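**Student:** Quick one: structure below, then a few questions.
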Amino acid sequence: QVQLVESGGGLVQAGGSLRLSCAASGHTFTTYAMGWFRQAPGKEREFVAAVSRSGGSTYYADSVKGRFTISRDNARNTVYLQMNSLKPEDTAVYYCAATIAFPVKRQHEYDYWGQGTQVTVSS
């Protein structure tokens, strides 16, 4: 079992930045590649970014490429999502998730999920 707890969400103006964190516990963190997903009101949950076990490889959705950066600190059992140049369309609940496979953007390939953190971008 892996427990994931996200933090760092909030309200920010368009063009601003936020850094989300996801703290993992319960199993060896480096067993898993990690991903971030998001779900906007009335929409399906979608893939945002993924990072390999070592942190050496990353994978992004086209909609966030060049603006968001995923990283991990294996010593702290934490994965991060640095979000810059935020847009109102980035407003969503953001979830982190853990998977054995990499790179994957399909939700069903992720085994563990956090509870989510709200990000709201005002125009």
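We did not get these values from a lab; they are worked out from the coordinates using the rules stated. What you see is a predicted model, and the numbers here were worked out from it, not measured in a lab. Note: ideal-geometry Cβ built from the backbone for every residue, glycine included; neighbour counts use all protein chains shown.
**Student:** What is the magnitude of the charge dipole of the chain about its Cα centre, with +1 placed on the Cβ of each Lys and Arg, -1 on the Cβ of each Asp and Glu, and no other charges, expressed in debye to the nearest 20? Can you show the working numbers first?
**Tutor:** Values: 12 positive and 9 negative charges, 36 e Å.
Approximately 180 debye in magnitude.
**Student:** For the chain, what's the radius of gyration and Dmax over Cα atoms, in angstrom?
**Tutor:** Cα only, the chain: 13.2, 41 Å (Rg, Dmax).
**Student:** Just want the answer: with Cβ charges of +1 for Lys and Arg and -1 for Asp and Glu, which residue in G9, A40, G114 is farthest toward the dipole's positive end in the chain?
**Tutor:** G9
**Student:** Which of rounded, prolate, oblate describes segment 1-69, given a ≥ b ≥ c as roots of the alpha-carbon gyration tensor eigenvalues and a/c under 1.5 marking rounded, otherwise prolate only if a/b is larger than b/c?
**Tutor:** prolate
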